[in-house]
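Below is one structure, written out as structure tokens; the observations come after it.
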Amino acid sequence: MTIFAANFTTDPYWWDAAAPDATPTGELPESTDVAIIGSGFCGLAAALELARNGVRVDVLEAGPLGIGASSRSGGMVSSGQKLVLKGALDAFPPEKASEALADSRATFEFLQTLIGREQLDADLQICGRFFGAFTPAHYATLQNHAELLAQKTGIHARMLSRAEQRFLLADSSKFGIMATYRVAAVTATRIVTDSRLSAEWRARLADTGADTTIVDAGTRP
Ligand SMILES: Cc1cc2nc3c(=O)[nH]c(=O)nc-3n(C[C@H](O)[C@H](O)[C@H](O)COP(=O)(O)OP(=O)(O)OC[C@H]3O[C@@H](n4cnc5c(N)ncnc54)[C@H](O)[C@@H]3O)c2cc1C
């Protein structure tokens, strides 16, 4: 007797499109120029950049390739909006805060360049984002967010009152909305996560032809 359906699985359904790869791809090297721990976006981005520049690089991964957060993400990409709205910037001294924002904006551009350069099949869409207000007080908070975004990131956020929102939204349950631009989504049409991008990235790295070995370390180094 089980409460689960016959086809129940604990694997995320988006791995059907691009699953982590458990196939060991090499032996631990005797030596290397750069050893990168982890085959998430951070590790793969660094490895690809190094490999493209002729550096011998080995990616050491404790689990199946792409098993981490990078193949589970919702795939939303913004340009500094979260840093501002979630208060993370408050933890930085002012000069570091503007550096962090500049980095975040540059990352947004970089992702588009990278996807284009490597021709990653990731369904990138520059699509904007809207935040619906659940209460009148929430609408006031969103208005404050719109001002913060304009001041700190230069991002234009458009506020639409409850009366105006029907031009954008066939839903009258919200108390107004904030619409922002310069937001992107990867793998938006086919699948809701980054697993496809992760798989594409791994393939490009394997294709570099440089002295690159992806090693399934088996155990955590
Ligand atoms: C459900 C979910 C939704 C998300 N949605 C978004 C989103 O919409 N937008 C967004 O920008 N971000 C989102 N994120 C966050 C984003 O996915 C992560 O910030 C990003 O993928 C981190 O990449 P990473 O390369 O640092 O880490 P990971 O992708 O986690 O890769 C780290 C890898 O290192 C390996 N590893 C760790 N320790 C060792 C060791 N000692 N030896 C060998 N290997 C090791 C792990 O097995 C793993 O494969 C989301 C995350 C989750 C979980």
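Express as a percent, rounded to the nearest 5, the fraction of DSSP beta bridges in the chain (both residues included) that run antiparallel.
60 percent
Order of LEU44, LEU160 from fewest to most other C-beta atoms within 10 Å?
Lowest to highest Cβ neighbour count: LEU160, LEU44.
If R0 is 30 Å, what FRET efficiency do you get for GLU164 and ASN144 from their C-beta distance, rounded to 0.05?
0.95
Rounded to the nearest 500 deg cm²/dmol, what is the calculated helix-only ellipticity per residue at 222 nm for the chain, with -39500 (n - 2.57) per DSSP H run of length n ≥ 4?
Estimated from H runs of four or more residues: -11000 deg cm²/dmol.
Let's see if you can work this out: charge +1 on each Lys and Arg Cβ, -1 on each Asp and Glu Cβ, no other charges. What is the dipole magnitude of the stretch 76-186 about its Cα centre, in debye to the nearest 20?
Roughly 360 debye, rounded to the nearest 20.
Calculate how steeply helix 136-153 sits against the longest principal axis of the alpha-carbon atoms of the chain, using the helix alpha-carbon long axis, and give the answer as 0 to 90 degrees to the nearest 10.
It is inclined by approximately 60 degrees.
Give me the number: length gained by fully extending ALA5 to TYR181, i.e. 0.36 nm times residue separation minus the C-alpha to C-alpha distance, one decimal in nm.
Roughly 59.2 nm would be gained on extension.
Pairs of alpha-carbon atoms within less than 8 angstrom and 6+ residues apart define the contacts here; what relative contact order does the stretch 16-97 have, in percent?
Relative contact order, the stretch 16-97: 30 percent.
To the nearest µm²/s, what D does Stokes-Einstein give for the stretch 68-164 at 20 °C and 1.002 mPa s, using the Kirkwood radius over alpha carbon pairs as Rh?
After rounding, the answer is 139 µm²/s.
Which of the peptides 117-129, 90-102 is most tightly packed, and how do the rest follow, judged by the mean count of other Cβ atoms within 10 Å per residue?
Ranked by mean Cβ neighbours within 10 Å, highest first: 117-129, 90-102.
To two decimal places, what compactness ratio does the chain give when its Cα radius of gyration is scaled by 2.2 N^0.38 Å?
After normalising by residue count via 2.2 N^0.38 Å, the value is 1.23.
Can you give me the angle between helix 41-52 and the longest principal axis of the chain, using Cα atoms only, in degrees from 0 to 90, rounded to the nearest 10?
It is inclined by approximately 60 degrees.
Since every read-out is calculated from the coordinates, none of them should be taken as a lab result. Keep in mind the model is a prediction, meaning the values are calculated, not measured. Reconstructed Cβ throughout: ideal geometry from the backbone, glycine too, with neighbour counts over all protein chains shown.
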